[in-house]
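Okay, so here's the structure we're looking at.
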Amino acid sequence: MSPSASTAQRKPAARRKKKKVAAGWLTWWPLLLGIAVTPLTVRAAGVMALAGPDALRTLYPYVLLLQNHALGLPGELAANLSQWMMYLQFPLYGLLMSLLLRAKGILTAVIAIAVLHFVAVIMVIALAHA
């Protein structure tokens, strides 16, 4: 092989590596979006609380799960954990979605987050009627 042929083969590999690194940073947008949307959802929860428990159950199922007596958590601990979960729910969704986006792709990440959220909603409804 000539020296010019070996350098020609290296250039595309270097470009692909830079592109892959840039794409790696771009996969963290769901986490940033989850952090950015959290203050809006907390405000929405205050407004939705006027509509009744069903609206809050749909937006923040983990808050109600942690406050449920079936878990057996002491009242003060349950209140503190549910308050933390109100602020961490959407950043955690964003973190999980970012990790899944890197490994599997956008469709899998979106479906996984939707399933995770609606399973929690179903659990809250089931525990409320039990």
Separation of alpha-carbon centers, segment 36-64 and segment 92-126, rounded to whole Å: 18
Express the C-alpha Rg of segment 50-130 as a ratio against the empirical globular expectation 2.2 N^0.38 Å, rounded to two decimals. 1.20
Please work out how much length the chain gains when fully extended from Val115 to Gln83, using 0.36 nm per residue of separation minus the C-alpha to C-alpha distance, in nm with one decimal. 9.2 nm
Virtual spin-label span in nm between Ala44 and Leu71, 7 Å along Cα→Cβ: 2.2
Taking 0.36 nm per residue of separation and subtracting the Cα-Cα distance, what length does fully extending Leu26 through Ala130 add? 33.1 nm
Sorted by packing (mean other beta-carbon atoms within 10 Å per residue), highest first, where do 78-90, 55-67 land? 55-67, 78-90
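Computed from the coordinates by the stated procedures, all read-outs in this text should not be read as laboratory data. Remember, it's a predicted structure, so these values are computed and weren't measured experimentally. Glycine gets a Cβ as well: all are built from the backbone with ideal geometry, and neighbour counts include every protein chain shown.
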